[in-house]
């Protein structure tokens, strides 16, 4: 995903592999937008969203999920800016980033 985003002239400031790393990277880089998968090892996207919003309640987070849509309301209540359901095209991701 990050390689594709860079090819589309979107700067990628960091790449993590779990929710904890996402929080640490957010705190270090303060990016305009975070993309995270809802399911990651150790700490998930929910953990990341909750903790990133403790750092910045206005953080823009795009959640990528394989969920069938039943948890979308919960994710919206957490303050997720956008939800992309897998499989999603990289073009849709880029469009979503550009809209945000």
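The values are calculated or read from the model by the stated rules, or taken from the named source; none is laboratory data. These numbers were taken from a predicted model, which means no experiment stands behind them. Note that each Cβ is placed from the backbone with ideal geometry, even for glycine, and that neighbours are counted across all protein chains shown.
Listing for the model above:
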| quantity | calculated |
| --- | --- |
| Failed item in (1) surrounded by 15 or more Cβ atoms within 10 Å (Cβ to Cβ); (2) free of Cβ contacts under 8 Å to residues at least 24 places away in the same chain; (3) out of contact with any helix residue (DSSP H, G or I) (no Cβ under 8 Å at 6 or more places or on another chain), with residue 87 passing the rest | (1) |
| Search result, residues across the range 48-70 that are without any contact (Cβ under 8 Å) to a residue 40 or more places away in the chain, under 14 Å from residue 84 (Cα atoms) and outside any loop (DSSP other than H, G, I, E, B) | 61, 62, 63, 64, 65 |
| Residue within the range 26-47 that is more than 14 Å from the chain's Cα centre (by Cα), in a loop (DSSP other than H, G, I, E, B), exposed (fewer than 15 other Cβ atoms within 10 Å of the Cβ) and at pLDDT below 95 present | yes |
| Test set (1) under 19 Å from residue 83 (Cα atoms); (2) modelled with pLDDT under 95; (3) touching a helix residue (DSSP H, G or I) at 6+ places or on another chain (Cβ under 7 Å) - residue 2 fails condition number | (3) |
| The range 2-25, subset touching a residue at least 60 places away in the same chain (Cβ under 8 Å) and in a loop (DSSP other than H, G, I, E, B), residue farthest from residue 43 (Cα to Cα) | 8 |
